[in-house]
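Taking it in order: structure first as C-alpha cells, then the write-up.
The values are calculated or read from the model by the stated rules, or taken from the named source; none is laboratory data. Fair warning: this is a prediction, and the values are worked out from it, not measured in the lab. Cβ placement follows ideal geometry from the backbone for every residue including glycine, while neighbour counts extend to all protein chains displayed. Surface accessibility is based on the protein's heavy atoms, side chains included, excluding ligands, DNA and RNA. Shrake-Rupley method; radii C 1.70, N 1.55, O 1.52, S 1.80 Å.
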Amino acid sequence: RLSIQNDPDGAPILLLDGQKHRLSLSISHRDGLAFCAVCEADGVSLGADVERVERRSAAFAGDYFTPAELESMGSLFDGGYERMVTLIWSAKEAALKALGKGLRLDTRSVEIRGIRAAESGWGSFSVRCGLTAGAWRGWWQARGEYILTLATLTQSGDRAAIRLVEIDQHG
C-alpha cells in the first residue's frame with residue numbers, strides 16, 4: 001500500500017494506495033549509511049543529506065560557496081578545513097532539496113549562515129535564500145567520518161515544530 005517514488009523534479013514522494021500522501025520526505029545515502037527525514041506538518045519542505053568528510057580543494061569551495069561562506073569558514077569553529085567544507089556543502093544540498101530542485105540550482109543561490117556546534121547531538125545552521133519566502137531551519141551532526149544535515153522550509157513563515165528522532169539499524 002505504501003511506496004516511495006520520484007516526482008517529475010526527482011524529489012521522493014510518498015504514495016499511499018497510489019495517491020500522493022501529505023507527508024514530506026527526504027532521503028540521502030552514502031557508502032552504506034542512509035538518512036531519511038519525514039515531516040507530517042502541512043507546508044513544510046524537507047531536505048536531508050549525508051556526506052563523507054573528504055579532501056576538497058580550495059577551488060571547489062570557490063566554485064560552489066558564496067563569498068560570505070568562504071570568509072566565515074575559518075572562524076566558525078575549530079572543526080578542520082575538510083570538515084567545514086563538507087558541512088557547508090551538505091547543508092547547501094539539504095537546502096536545495098528542501099526547495100525541491102537539488103543540484104539543478106546554482107549552489108550559491110542558498111547561503112549557509114550561523115553554524116553552531118553542539119557539544120553532543122545536533123548542531124544548527126540557518127539558510128539565506130532569495131528564491132522563496134518562508135522560514136528556514138537547519139541542523140547538522142557529525143557521525144564518525146560523515147556529516148548529516150537537515151534543512152526545513154516552512155512556506156507559511158511560521159517555524160514548524162521539529163522533533164529529531166534517531167533510529168538505528170536495529171529499529
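Assigning unit charges at the beta carbon (Lys, Arg +1; Asp, Glu -1) and nothing else, what dipole magnitude in debye, to the nearest 20, does the chain show about its Cα centre?
Its charge dipole is roughly 240 debye.
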Practice problem: For n ≥ 4 DSSP H runs only, could you compute -39500 (n - 2.57) per run for the chain, divide by its residues and tell me the 222 nm figure to the nearest 500? | Solution: -5500 deg cm²/dmol
Quiz item: Of the accessible area of the chain, with the probe set at 1.4 angstrom, what percent is carbon plus sulfur?
Solution: 47
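Hey, what did the chain get for relative contact order, percent, Cα under 8 Å, at least 6 apart? Could you put the intermediate results ahead of the total?
Numbers: 336 pairs, mean separation 33.3, N = 171.
Over the chain, the number comes to 19 percent.
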Quiz item: Between Lys20 and Arg116, what length comes free when the chain is fully extended (0.36 nm per residue of separation minus the Cα-Cα distance, one decimal in nm)?
Solution: 31.0 nm
Practice problem: Using only the alpha carbons of region 1-97, determine the length spanned along each of the three principal axes and report them from longest to shortest in whole angstroms. | Solution: 49, 29, 23
Quiz item: Say R0 is 25 Å: what FRET efficiency, to the nearest 0.05, do Ala135 and Glu82 get from their beta-carbon distance?
Solution: 0.20
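What does the charge add up to near Ser28, with Lys and Arg as +1, Asp and Glu as -1, over the other residues with Cβ less than 14 Å from its Cβ?
+1
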Exercise. Round to a whole angstrom and tell me the spacing of the C-alpha centers of region 58-117 and region 14-54.
Key: 20
Quiz item: Cα-based Rg of the chain per 2.2 N^0.38 Å, rounded to two decimals?
Solution: 1.02
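Write down the accessible area per residue of region 1-158 in Å², having rolled a 1.4 Å probe over the full set of protein chains. It would help to have the intermediate numbers written out before the result.
Numbers: 8230 Å² over 158 residues.
Here the residues of region 1-158 average 52 Å² of exposed surface.
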Quiz prompt | Shape parameters for region 52-133, alpha-carbon atoms, Rg then Dmax in Å | solution = 12.3, 34
